[in-house]
Amino acid sequence: MKPLAIWIAVVAVVFGGYALVASLLRETEQVFVVVDTSFFTEAKEPEVRRELDRIDDRDRSEFALATVRDRGGAALVHGWQDDLTLGGFQAFGPCSFVGIDQFPEASEADERILITTSASCDPTALTDWTIITLDD
């Protein structure tokens with residue numbers, strides 16, 4: 001029994017050490033998040049904030065956040081940082097995804113995420129984006 005216990009301890013230490021080193025050497029992922037702040041998402045503000053919190057819970061990630069609306073185009077809320085911070089939620093006009101990828105953060109990102117609703121603009125033209133649709 002004693003050799004089996006020693007073997008199990010050695011295997012646990014080796015795999016534990018490997019997991020620790022792999023975790024420490026992992027690169028930071030950059031995630032660019034865009035929130036649709038058109039009138040269609042105004043009633044979904046709590047869900048938007050919940051989704052941002054869920055995305056923000058990722059380990060070893062840094063986030064840039066922008067909002068998109070019609071008249072003002074897309075607006076950068078903040079550049080790369082450890083937390084997603086939306087601040088005030090001001091719904092404005094109909095939606096448009098024009099200029100959504102105008103920011104350097106959009107091209108630098110490892111992942112690009114759009115938070116919207118199905119009643120809003122059609123996001124099918126956004127290739128290589130993760131689309132999160134908030135609906136009832």
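Computed from the C-beta positions of Asp82 and Trp7, the FRET efficiency with R₀ = 35 Å rounds to 0.30. Amide H contacts under 5 Å for Val77: Leu65, Ala66, Thr67, restricted to partners 5 or more places along the chain or on a different chain, H placed in the peptide plane at 1.01 Å from N. Compared with the dominant Cα axis of the chain, that is its longest principal axis, helix 2-25 is turned about 30°. About its Cα centre, the dipole of the chain is roughly 440 debye, where the only charges are +1 on Lys and Arg Cβ and -1 on Asp and Glu Cβ. Taking the longest Cα principal axis of the chain as reference, the axis of helix 45-56 is set at about 30 degrees. The length gained by stretching the chain between Glu45 and Phe92 to full extension, at 0.36 nm per residue less their Cα-Cα distance, is 15.6 nm. Estimated translational diffusion coefficient (Stokes-Einstein, Kirkwood radius over Cα pairs, 10 °C, 1.306 mPa s) of the chain: 95 µm² per second. Near the amide H of Ser38, within less than 5 Å, lie the amide hydrogens of Phe92, all on another chain or at least 5 residues away, with H placed in the peptide plane.
Evaluated at 10 °C with a viscosity of 1.306 mPa s, what Stokes-Einstein diffusion coefficient in µm²/s does the stretch 51-107 have when Rh comes from the Kirkwood expression over alpha-carbon pairs? In µm²/s, the coefficient rounds to 129. When you restrict to C-alpha pairs under 8 Å that are six or more residues apart and normalise by the size of the chain, the relative contact order lands at 27 percent.
Quick note: the coordinates plus some simple rules give every number you see, no bench work behind them. Quick caveat, the model's predicted, so the values are computed rather than measured. We place every Cβ from the backbone using ideal geometry, glycine too, and count neighbours over all the protein chains shown.
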